[in-house]
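The values are calculated or read from the model by the stated rules, or taken from the named source; none is laboratory data. Source: prediction; values computed, not measured. A quick note on method: Cβ atoms are made from the backbone with ideal geometry, for glycine too, and the neighbour counts reach across all protein chains shown.
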Amino acid sequence: MKYMFSACMRDCYDTCSIMSEIKNGKLIVRGNPDHPITQGFLCPKGALLPRWFHSNERLKSPLVREGKRGDEDFKEVSWGEALTLIKEKLQETIKEYGSESILVYKYAGDRGIVNYYFPMRLFHYLNASTIDSGICDRAGQEALKDIYGTAVGMDPEKIKEHKLLVYWGINAFWTNLHGFMLAKKGNVEIWTVDVVRTETAKRSDKFFQIRPDTDVLFALGVAKVIIEEELYDKDFVTKNVYGFEEFKNYVTRLSLNYVSQETGIKPERIKEFAREFTEKRGIIHIGYGFQRSLAGGEAVRAVAILPVLVGHKFGFIYDMKTIDKSYAEGKFLRTKPENKIPQMELTKVIESDDIKFLYIYNSNPLASYPNQNRLRRALKKSDVFVVTHDIFLTDTALFSDVVLPANTFFERLDIVDSYYHRYVLLNEPVAKGPGKSNSEVTRLIAKSLGIRVPYLYESDEDVIRKVLEANGISFEELKRRGFIKVPEGPRNWKTPSGKIEFYSQRAVSRGLGPFPEYKKFKGKYPLRLLTPTHRMTITSQYHTTHGIIDPNLYMNPEDAKVRGIKDGDKVGVFNENGRVITKVKITEDVPKGVVILYKAFWPKLLGWNANFLTTDEKVEKYGKGSAFHSTWVEVNPYG
Ligand SMILES: Nc1nc2c(c(=O)[nH]1)N[C@H]1C(S)=C(S)[C@@H](COP(=O)(O)OP(=O)(O)OC[C@H]3O[C@@H](n4cnc5c(=O)[nH]c(N)nc54)[C@H](O)[C@@H]3O)O[C@H]1N2
Ligand SMILES: Nc1nc2c(c(=O)[nH]1)N[C@H]1C(S)=C(S)[C@@H](COP(=O)(O)OP(=O)(O)OC[C@H]3O[C@@H](n4cnc5c(=O)[nH]c(N)nc54)[C@H](O)[C@@H]3O)O[C@H]1N2
Ligand SMILES: [Mo]
């Protein structure tokens, strides 16, 4: 059989083009060699996609809860029965509490354009409440808009035209492997700025190990040296920057010794960064990981200034927006204004009893959401009716009233864009498996409600054609190669002054300082808990199917010694949010004062995950973004 084009739909920078086929009933996948980002290879988790697809743990039938929330006590029902129950509950909720008491919670578990957006047509039609995203990259988005008027940076295919790429707060070798290879193959010098000696740091030409939350100071210190030593691109700055003189005065007042004392980076190394960064006109990939903290917004604002000083207009990588997808989402179906609930207030709205019907798809908040004990308590107390649509019986499914089986991207037609590169990819159905796609389920719910609006019944292919057409992309051409590059058009960016704003008027209007400010954060416990990504998973996905789960706590030898802890010991890790018991791995890669648990495996596997400890505080003035990393814990020997 001829191969089909698949597109990896995971929430990942790389968004790879895959060639898939079924041989003797088995799915085979390989990276598309023609796709310039995929470069003919898959990451370790992509290579194992067939295991995920063939997993016998996949849900096959709708389920209705019989026991308590959280227990694995469900009965199998037919699709007809499940849909009738959902219809009755939706009608009852609208009648008794109004349509705003319905909330749809989705995230990027599958980024296919139809699969991600189509269900929103139904919920917009119903005038339901929606989620204003904030769990992942929000603080950085706002910070970049403060400086540049956009969070869209440069095309990563241009990395090779540069001499130096700085990975700032991103573990690209694990989270953006294809991007990392673009830089390596392009012979670009790589530096890393991170708290932890990550696998990316180990493969970098230079590594700047920084204390948590001090990136603001480090970036300002670098800017100070660049400006004082007059290394910056004067013509560029004069022409393009608003508030340079004020910024200059601001950073000149900083003491380099103070910067060094706080960041843990020696003054000579701050100077080395400044001099070589200007000499090589560096570009920066600003990570999503490091901005998920209370210091995150200010940090990104400071880091974002550096490429401008060396003469780049958009010399950073953060977000990418190539095509307009609004047709797929169908906001025009609303007849009432949208009630958007900040994502980081999910627990709060459940506690407040304002939400009576919660529909969850493409997401597993009962694993990925911070402060699980609080969320779980709220759900157990609440009478909110929860419907979850997922491929697996996740923790979220266990807390639901109705569970609907989803299929995988190998079983449907879709297209996808990327938040990293400029390609749109085709995804063709290659196999059949249990469950239904997000759009199929939407049509079934709409039908059971007796809705007659044609938009809710449009076929996947028609939606795809219309979205492509609206963006001037030929479906036929997309079918030939499996991907198509969207050329860079005029940039849609705007700041109040029309220039890059070192003095940010937008930030000031939110009550922030005109320049990024350093603030010390302190928790009630002595150790900073970071919960970064794991190489073999995507947040809560693949922990079962790829057979990988790493629940160890990583700790510096000095912190272990003073606590009488040895490698492999069992420990209790606790704070005001909860307590978990696990084993310790001692490593010099993690600095003193910091511990690591990898993010978000299924709690139902061991009874806990890192989010039983993480804070659900928000970066208030930066779009109420999440602050997972602003968590402090204590660790004691167990037993
Ligand atoms: N393999 C794999 N790939 C993924 C994912 C996955 O789960 N697994 N998830 C995907 C998703 S949803 C996202 S958002 C991205 C995230 O991609 P990354 O941004 O690479 O993710 P993280 O590992 O969370 O964080 C990156 C680094 O930030 C560092 N860090 C924490 N605090 C600070 C600080 O104060 N300063 C500095 N400089 N560094 C700090 C951590 O030590 C960590 O190494 O990856 C995507 N790709
Ligand atoms: N402690 C800690 N927690 C974190 C983070 C952290 O740094 N530290 N990072 C956060 C970040 S960056 C993010 S982006 C969030 C992500 O958190 P989530 O949005 O919960 O993402 P996933 O864990 O990938 O879960 C996606 C779910 O969608 C399901 N799914 C996959 N394909 C389909 C489909 O086609 N249809 C349907 N209906 N379902 C499908 C999967 O089986 C999976 O259960 O997690 C956050 N959680
Ligand atoms: Mo994310």
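Of all residues in the range 384-440, those satisfying the criterion of being assigned to a strand (DSSP E or B) and either closer than 29 Å to residue 179 by Cβ or within 16 Å of ligand 1 (Cβ to nearest atom) (or both) are 390, 406, 414, 415, 416, 423, 424, 425, 426, 427. Please work out which residue is nearest to ligand 1 (Cβ to nearest atom), limiting yourself to the range 343-369 and to residues that are outside any strand (DSSP E or B) and of a type in the set (Val, Ile, Thr). My answer is 347.
Among the residues here, residue 225 does not qualify as part of a helix (DSSP H, G or I), under 23 Å from the mean Cα position of the chain (by Cα) and more than 26 Å from residue 8 (Cβ to Cβ).
Could you please let me know if residue 544 is of a type outside the set (Gly, Ala, Ser) and out of contact with any helix residue (DSSP H, G or I) (no Cβ under 6 Å at 6 or more places or on another chain)? Considered against the rule, which asks whether it is of a type outside the set (Gly, Ala, Ser) and out of contact with any helix residue (DSSP H, G or I) (no Cβ under 6 Å at 6 or more places or on another chain), residue 544 comes out as yes. When residue 600 is tested against (1) in a loop (DSSP other than H, G, I, E, B); (2) more than 14 Å from residue 637 (Cβ to Cβ); (3) modelled with pLDDT of 95 or more, exactly one condition is not met: (3). Only one of the numbered conditions (1) within 11 Å of ligand 2 (Cβ to nearest atom); (2) out of contact with any Ser or Thr (no Cβ under 8 Å at 6 or more places or on another chain) is violated by residue 539, and that is (2). Residues in the range 609-627 that are surrounded by 20 or more Cβ atoms within 10 Å (Cβ to Cβ) and either free of Cβ contacts under 8 Å to residues at least 60 places away in the same chain or not in a loop (DSSP other than H, G, I, E, B) (or both): 610, 611, 612, 618, 619, 625, 626. Looking across the range 1-36, the residues that are within 16 Å of ligand 1 (Cβ to nearest atom) and not in a strand (DSSP E or B) come down to 8, 9, 10, 11, 12, 13, 14, 15, 16.
Residues that are within 16 Å of ligand 2 (Cβ to nearest atom) and assigned to a loop (DSSP other than H, G, I, E, B) were ranked within the range 244-303; the one that is nearest to the chain's Cα centre (by Cα) is 288. Of the listed requirements (1) assigned by TED's automatic domain parsing to the domain that holds residue 301; (2) more than 16 Å from ligand 1 (Cβ to nearest atom); (3) assigned to a strand (DSSP E or B), residue 75 misses just one: (1). Annotation note: of 30, 69, 58, the sole residue that is touching a residue at least 60 places away in the same chain (Cβ under 8 Å), basic (Lys, Arg) and over 20 Å from residue 384 (Cβ atoms) is 58.
Looking only at residues in the range 621-639 that are over 14 Å from residue 292 (Cβ atoms) and modelled with pLDDT of 95 or more, the one that is nearest to ligand 1 (Cβ to nearest atom) is 632.
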